[in-house]
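Asker: Sharing a structure, written as structure tokens. Questions coming.
Just so it is clear, none of the values below were taken in a lab; they were calculated from the coordinates. If you're wondering where the values come from, they're calculated on a predicted model, not measured in any experiment. Cβ sites come from the backbone with ideal geometry, for glycine too, and all protein chains shown count toward neighbours.
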Amino acid sequence: MAARILITSDYLHPGDAVDQLLRERGLEPVYSPSQGSRTLDERRSMFDGISGAILASEPVTADMLTAASSLQVIARSGVGYDSIDIQAATAQGIRVCNVPGTNHHSVAELTIGLIIMAARRLPEVTTAVRQGHWPREAGHELRGSTLGIIGYGPSGRATASLGVALGMTVKVSTTHPDRDSTAVQFTDLDTVIRDADYLSLHTRAGQSTGPLIDGPRLQAMKPTAVLINTARGSLVDEEALAKALSDGTIAGAALDVLESEPLPRDSPLRGLDNVLITSHLAGQTSEARTRAGLAAAHAVIDVLENREPAHPVDR
């Protein structure tokens, strides 16, 4: 009987390249697209009879893993894995992998796109034109402004390169600076936050600390600054951000990731004119999806065929 591979990433479908690859290896793909919260019973039975899983960013808890008697490997079809209880997976002997380096260009391009939208006030302008108005307010050039980047993994580096190409001064806070780079200034976190006209997050979520961008750090930003988050929703204190946006502590924000997704009806960010929210799609280009899906499938195949996966996050 063929080993069954659960696929919850909603852009992977029967007949696509991932499906074909798995079937060529004698595996049986099983599709259960992630479309919001699952019921308790659905979570408990999610891995029944499943040997491997290619997952979206939905939560995988210790209770779910304890019941997963046949599960050998989980591969995230993305970079983030903080939604998975790694400790519980390791205790169960379940390997956990991700697929870094598959979507960083997509993330960087959307990051710059969000910055341009904020700088030129494109959401307000396009809405006004649809309503029959013809606004002519001045925006801002990016050239000569300061792009602050927190985190210098693949998406942070790609964003920095685009910022440099646009004539921005790029300042980066990271524990892994590129000492050979002359185009980017590496400095401490407080300096990046203080100096940035556009502050972009490209770092992992902390394991034990609170949000990276909290009330005091928002207060430390320029009143004309814009915060961009395409990394992890947990990096930002959304209540503090909503207050900072409401009282003019900072000028705006562009968020592709949120603490809870989709955006809750009672979120303090709703109704604010100076925040732009997109639906966790920074890495969701056709090209990146193909790369990520195939990389996740190869990780599952490697573990099931007793090879070390390329990008384990559990060891």
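Asker: Got a sec? How would 150, 277 order by Cβ neighbour count within 10 Å, fewest to most?
Answerer: In order of increasing Cβ crowding within 10 Å: 277, 150.
Asker: Residue-wise, which Karplus ³J(HN,Hα) couplings in Hz belong to region 256-264, taking 6.51 cos²θ - 1.76 cosθ + 1.60, θ = phi - 60°, and x for glycine or proline?
Answerer: 9, 10, 9, 4, 10, 10, x, 4, x
Asker: OK, next. Given charges of +1 on the Cβ of Lys and Arg and -1 on the Cβ of Asp and Glu, with all other atoms neutral, how large is the dipole of region 104-277 about its Cα centre, in debye to the nearest 20? It would help to have the intermediate numbers written out before the result.
Answerer: Numbers: 16 positive and 20 negative charges, 67 e Å.
So the dipole magnitude of region 104-277 works out to roughly 320 debye.
Asker: A further question follows. Against the globular-protein guess of 2.2 N^0.38 Å, express the Cα radius of gyration of the chain as a ratio, rounded to two decimals. Mind dumping the intermediate values first?
Answerer: Values: Rg = 20.9 Å, N = 315, 2.2 N^0.38 = 19.6 Å.
My calculation over the Cα atoms of the chain gives 1.07.
Asker: R0 = 25 Å: FRET efficiency of residue 188 with residue 164, Cβ-based, nearest 0.05? Could you put the intermediate results ahead of the total?
Answerer: Numbers: r = 20 Å, r/R0 = 0.81.
It comes out at approximately 0.80.
Asker: On a full-extension model of 0.36 nm per residue, what is the gain between residue 219 and residue 176, subtracting their alpha-carbon distance, rounded to one decimal in nm? Please list the in-between numbers first.
Answerer: Working: separation 43, 0.36 × 43 = 15.48 nm, distance 2.65 nm.
Taking residue 219 through residue 176 to full extension adds about 12.8 nm, to one decimal.
Asker: Please work out how much length the chain gains when fully extended from residue 261 to residue 306, using 0.36 nm per residue of separation minus the C-alpha to C-alpha distance, in nm with one decimal. Provide the component values of the computation, followed by the final result.
Answerer: Details: separation 45, 0.36 × 45 = 16.20 nm, distance 3.55 nm.
Full-extension gain reported as 12.6 nm.
Asker: For residue 31 and residue 67, calculate 0.36 nm times their separation in residues minus their Cα-Cα distance, and state this gained length in nm to one decimal.
Answerer: Working: separation 36, 0.36 × 36 = 12.96 nm, distance 1.92 nm.
Extra length available between residue 31 and residue 67 comes to 11.0 nm.
Asker: Less than 9 Å Cβ to Cβ from residue 231, Lys/Arg counted +1 and Asp/Glu -1: what total charge do the surrounding residues give? Walk me through the numbers on the way to the answer.
Answerer: Working: positive: 204, 232; negative: 256.
Result for the neighbourhood of residue 231: +1.
Asker: Would region 104-277 count as rounded, prolate or oblate if I go by the C-alpha gyration tensor, calling it rounded below 1.5 in a/c and otherwise prolate when a/b exceeds b/c, oblate otherwise?
Answerer: Working: a/c = 1.73, a/b = 1.23, b/c = 1.41.
Taking the square roots of the gyration eigenvalues as a ≥ b ≥ c, region 104-277 is oblate.
Asker: Next question, about the same structure. Could you let me know the centre-to-centre spacing of region 140-202 and region 60-97, using Cα atoms, in angstrom?
Answerer: For region 140-202 versus region 60-97, the Cα centre distance is 34 Å.
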